[in-house]
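S.K.: Dumping the structure here so I can ask a few things about it.
Laboratory data are not the source of any read-out in this text; all were calculated from the coordinates shown. Not measured: the values here are computed from a predicted model. Here the Cβ is made from the backbone with ideal geometry for all residues, glycine too, and neighbour counts use every protein chain on show.
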Amino acid sequence: MKLMLQHKKELQETEIEIKYSEMTERITQMIQYIRQYDFVIEGFKEDKVYKIPLEQVYYIETTDRKTFIYLDNDVYESRKTIQTIESTLEGTTIIRIGKALLLNISMLKSLKPYPNHRIKVELLNGEHLLVSRRYIAILKERIRREYGA
Amino acid sequence: MVHKVLKTYLPAISMSFTVIILFAGIVKWILGEKQDVFVLFAFEVVAYLILTCILDELIGRINFRTYISHFITESVLIYPITMLFAIKFRWIGVTAINIILCSVAYFFVMVGIHLYFYYIEKNNVAEMNRLLEEGRDKNG
């Protein structure tokens, strides 16, 4: 695969062009990854609104009916429900791993078996999350799709 | 090979065995042999297994932090139901030796089931970690 980078000062927006002879699974995955850079989530902090790029999001969790967006060292509140966020981000690297928990699988460091048919995941920032048993198959399938041959 | 036996053949044999026994039981039931000991035993065992599955699902809602606490809780809660079925449906006679033997068998089966799932989950996670590792190597 040839990678060509062009510096064009006049461009208003970064452009990515992919040329292929045949659409393969790997190209589809690459497109998905590039597309996630287009996604931003609206987060609130001290009544200010912030646009958070998806690639900075570690996980999203609902606690006490409030939805929080967790970054490496920062937390923002979202005014949307976890279901709305999940459907908006369908096809990106965000997947559901619990009833009230969404994970960005790009932030996965490692996994460990955990009692009661669950999995404990370690994120790149050292935080740990639990994957409920009903979401393990989905997680495995996504890891296989994203990282498998 | 061991992994394939545990992950594929063992569940396949267990499922086929259950379906065959249930099917044979249902056929005998339809043919009018409703008091056949084999038919009754098959249906009692199925009822017992369904009940244990429901209990497992309910116990699964508790946030256990160690494998041993999950094992002990589940074993203690399912034990009286097992003994109730065993005595009520006369799977065993009500003698001290029978109850001890049944309890020992129950303990070994529970240990076996928990070890089996631990092994499967450990392998499952190892495969996911391997995929993550390979993906990272591939992407530099």
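S.K.: One residue is enough: does the stretch A:60-68 have a residue meeting the conditions among the aromatic types (F, W, Y), assigned to a strand (DSSP E or B) and buried (at least 19 other Cβ atoms within 10 Å of the Cβ)?
M.R.: no
S.K.: Another question, then. Which of (1) assigned to a strand (DSSP E or B); (2) under 25 Å from B:H70 (Cα atoms); (3) within 14 Å of chain B (Cβ to nearest Cβ) is the odd one out, the single condition A:I138 does not satisfy?
M.R.: (1)
S.K.: Also, quick follow-up: Does B:E134 count as charged (D, E, K, R), within 26 Å of A:L108 (Cα to Cα) and within 12 Å of chain A (Cβ to nearest Cβ)?
M.R.: Yes.
S.K.: From the list B:E121, B:E133, which one is in contact with a strand residue (DSSP E or B) (Cβ under 6 Å, 6 or more places away or on another chain) and under 30 Å from A:R26 (Cβ atoms)?
M.R.: B:E121
S.K.: Mind counting the residues in the stretch A:1-52 that are part of a strand (DSSP E or B), surrounded by 10 or more Cβ atoms within 10 Å (Cβ to Cβ) and among the basic types (K, R)?
M.R.: The qualifying residues number 1.
S.K.: Quick check on the stretch B:3-15. Is at least one of its residues in a helix (DSSP H, G or I) and surrounded by 15 or more Cβ atoms within 10 Å (Cβ to Cβ)?
M.R.: yes
S.K.: Let me ask something else. Can you name every residue in the stretch A:7-50 that is touching a residue at least 24 places away in the same chain (Cβ under 8 Å) and under 16 Å from the mean Cα position of the chain (by Cα)?
M.R.: Matches in the stretch A:7-50: A:Q29, A:Q32, A:Y33, A:R35, A:Q36, A:F39, A:I41, A:E42, A:G43.
Here is a yes/no grid of residues against (1) in contact with a helix residue (DSSP H, G or I) (Cβ under 9 Å, 6 or more places away or on another chain); (2) charged (D, E, K, R); (3) surrounded by 15 or more Cβ atoms within 10 Å (Cβ to Cβ):
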{"residue": "A:K99", "(1), (2), (3)": "yes, yes, no"}
{"residue": "A:S106", "(1), (2), (3)": "yes, no, yes"}
{"residue": "A:R118", "(1), (2), (3)": "yes, yes, yes"}
{"residue": "A:V121", "(1), (2), (3)": "yes, no, yes"}
{"residue": "A:V131", "(1), (2), (3)": "yes, no, yes"}
{"residue": "A:Y135", "(1), (2), (3)": "no, no, yes"}
{"residue": "A:I138", "(1), (2), (3)": "no, no, no"}
{"residue": "A:E146", "(1), (2), (3)": "yes, yes, yes"}
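Results for (1) within 15 Å of the chain's Cα centre (by Cα); (2) more than 17 Å from B:V111 (Cα to Cα); (3) surrounded by 13 or more Cβ atoms within 10 Å (Cβ to Cβ); (4) within 9 Å of chain A (Cβ to nearest Cβ), shown as yes or no for each residue.
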position	(1), (2), (3), (4)
B:A42	no, yes, yes, no
B:L49	yes, no, no, no
B:D56	yes, no, yes, no
B:I68	no, no, no, yes
B:S75	yes, no, yes, no
